[in-house]
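Structure record follows, encoded as structure tokens.
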Amino acid sequence: METLTCPECGDKIIGRSDKKFCSDACRNAFNNKQNKTTTNLMRNINNKLRKNYRILSENNTDGKTKLTRSKMEAAGFDFDYITQIITYKNGSQYFFIYDKGYKILDKEWILIVDRK
């Protein structure tokens, strides 16, 4: 029988013949190293989306609210990160982060809405 070694720490693997790692800790460490660059990019994007979502939620308690662009930017809202754009038949565009959205009314005013 061939002796297998853990790809993370190099220890001898004891147990099933198809086992690849000596412990869950080594398996997790190995996979975390493999996914580090992708995970960091996704984590950063998800953090920005989460922050945008929170800002829209906190400022829209009535289902529809007007807010200034400068107030949203001061709160840390990043207009580059959205999950969806919906264009209606009348030509108006709404930008959504999951179920919270906004429409740019003019240079300064933003309409915040909830999708139902």
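The values are calculated or read from the model by the stated rules, or taken from the named source; none is laboratory data. A quick note: this is a predicted structure, and the numbers were derived from the prediction, not measured. Here the Cβ positions follow ideal geometry from the backbone for every residue, glycine too, while neighbour counts run over all protein chains shown.
Just checking, how many residues over region 69-95 are touching a helix residue (DSSP H, G or I) at 6+ places or on another chain (Cβ under 9 Å) and either surrounded by 11 or more Cβ atoms within 10 Å (Cβ to Cβ) or of a type in the set (S, T, N, Q) (or both)?
Of the residues in region 69-95, 10 are touching a helix residue (DSSP H, G or I) at 6+ places or on another chain (Cβ under 9 Å) and either surrounded by 11 or more Cβ atoms within 10 Å (Cβ to Cβ) or of a type in the set (S, T, N, Q) (or both).
Taking A25 as the residue in question, decide whether it is surrounded by 10 or more Cβ atoms within 10 Å (Cβ to Cβ) and either in contact with a strand residue (DSSP E or B) (Cβ under 8 Å, 6 or more places away or on another chain) or under 30 Å from E108 (Cα atoms) (or both).
So A25 does not fit the description; no.
Residues are listed down the side, and each one gets a yes or a no for (1) of a type in the set (S, T, Y); (2) at pLDDT 95 or above:
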{"residue": "F30", "(1), (2)": "no, no"}
{"residue": "Y53", "(1), (2)": "yes, yes"}
{"residue": "N59", "(1), (2)": "no, no"}
{"residue": "F77", "(1), (2)": "no, yes"}
{"residue": "Y81", "(1), (2)": "yes, yes"}
{"residue": "G101", "(1), (2)": "no, yes"}
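For K116, which of the numbered conditions (1) at positive phi; (2) exposed (fewer than 10 other Cβ atoms within 10 Å of the Cβ) fails to hold?
That leaves (1) as the condition not met.
Of the conditions (1) touching a Lys or Arg at 6+ places or on another chain (Cβ under 6 Å); (2) surrounded by fewer than 11 Cβ atoms within 10 Å (Cβ to Cβ), L56 clears all except one; give me its number.
(2)
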